[in-house]
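Colleague: Input: one structure, supplied below.
The values are calculated or read from the model by the stated rules, or taken from the named source; none is laboratory data. Small disclaimer: the values here were computed from a predicted structure and weren't measured. So basically every Cβ, Gly included, is an ideal-geometry build from the backbone, and we count neighbours across all protein chains shown.
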Amino acid sequence: MNEFLAGPNIAKVATVKKDGAPFVVPVWYDWDGKSCYLVGRKKSSWVKNIERDPRVTVLIDGSDPPYPKVIFEGKAEIIGEGVDDWIEIGKRMVVKYYGPSAGISYLEGSLDQPRKTIRLKPKSVTSWVTPDEKTIKKNPRLAWASRYYTPGSTWYKDLKKEKRGRK
């Protein structure tokens, strides 16, 4: 999971709007193995949502097999508003997403733009990958977690057989 999270994936951050509706925004992130860090523009609506209601869900997923997925849930915390609060996180992010040359150029050009540093220490972490193509071809029901199956259904009975290694 940590290897996947070290890549230049895009986090989808879900916050709660003032009217209670969900709001999702794609953002860069930094993961240190314990916390997910986000750096948002001070005037961003998702940052304002977090200030009002810190409950968030963050989804980071891959679009190529084995389609890794990680979901963080918890309460986000604004931990700083000054450049000194986010600059090191920002350096890691721009290198990860743009590379060292273009990334540092981008960072230096936007240093005067106000931002807020956000930390999410996940209350829960859920991660999974899809079985490879060979496994799915042989045992298609292994693509779903067994908790999603309705007991007694054909799909459920076939899953039980597949798990026992029979067709």
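Colleague: State the number of residues belonging to segment 120-132 that are at pLDDT 90 or above and surrounded by fewer than 16 Cβ atoms within 10 Å (Cβ to Cβ).
Modeller: Selection size over segment 120-132: 8.
Colleague: Under 9 Å between Cβ atoms, at least 6 apart or on separate chains: pull out the pairs that start in segment 116-138 with a residue that is over 30 Å from Val56 (Cβ atoms) and end on any residue that is acidic (Asp, Glu).
Modeller: Short answer, once both residue conditions are applied: Lys138/Glu162.
Colleague: I want to confirm something. Restricting to segment 106-119 and keeping residues that are surrounded by 12 or more Cβ atoms within 10 Å (Cβ to Cβ) and either aliphatic (A, V, I, L, M) or in contact with a strand residue (DSSP E or B) (Cβ under 6 Å, 6 or more places away or on another chain) (or both), which single residue is nearest to Trp86 (Cα to Cα)?
Modeller: Among those residues, the one meeting the criterion is Thr117.
Colleague: Still on this structure, please answer the following. Gly103 - would you say it is part of a helix (DSSP H, G or I) and touching a strand residue (DSSP E or B) at 6+ places or on another chain (Cβ under 7 Å)?
Modeller: no
Colleague: Which residue pairs have Cβ atoms under 7 Å apart, sit 6 or more places apart or on different chains, and have a first residue in segment 23-45 that is within 17 Å of Tyr97 (Cβ to Cβ) and a second that is at pLDDT 95 or above and of a type in the set (S, T, N, Q)?
Modeller: Here the result reads Tyr37/Thr117; Val39/Thr117, each pair linking segment 23-45 to a residue that is at pLDDT 95 or above and of a type in the set (S, T, N, Q).
Colleague: While we're looking at this one, here's another question. Take segment 50-86 and flag every residue that is of a type in the set (Val, Ile, Thr) and either surrounded by 15 or more Cβ atoms within 10 Å (Cβ to Cβ) or modelled with pLDDT of 90 or more (or both).
Modeller: Ile50, Val56, Thr57, Val58, Ile60, Val70, Ile71, Ile78, Ile79
Colleague: Moving to a separate point now. Count, please, the residues in segment 53-77 that happen to be in contact with a strand residue (DSSP E or B) (Cβ under 8 Å, 6 or more places away or on another chain), over 14 Å from Arg119 (Cβ atoms) and either without any contact (Cβ under 8 Å) to a residue 24 or more places away in the chain or among the charged types (D, E, K, R) (or both).
Modeller: 5
Colleague: Moving on to the next point. When residues of segment 32-49 are filtered for being crowded, with 20+ Cβ neighbours inside 10 Å and of a type outside the set (Phe, Trp, Tyr), how many remain?
Modeller: Selection size over segment 32-49: 6.
Colleague: Looking at Thr117, Thr130, Thr135, Thr126, which is the one that is touching a helix residue (DSSP H, G or I) at 6+ places or on another chain (Cβ under 8 Å) and part of a strand (DSSP E or B)?
Modeller: Thr117
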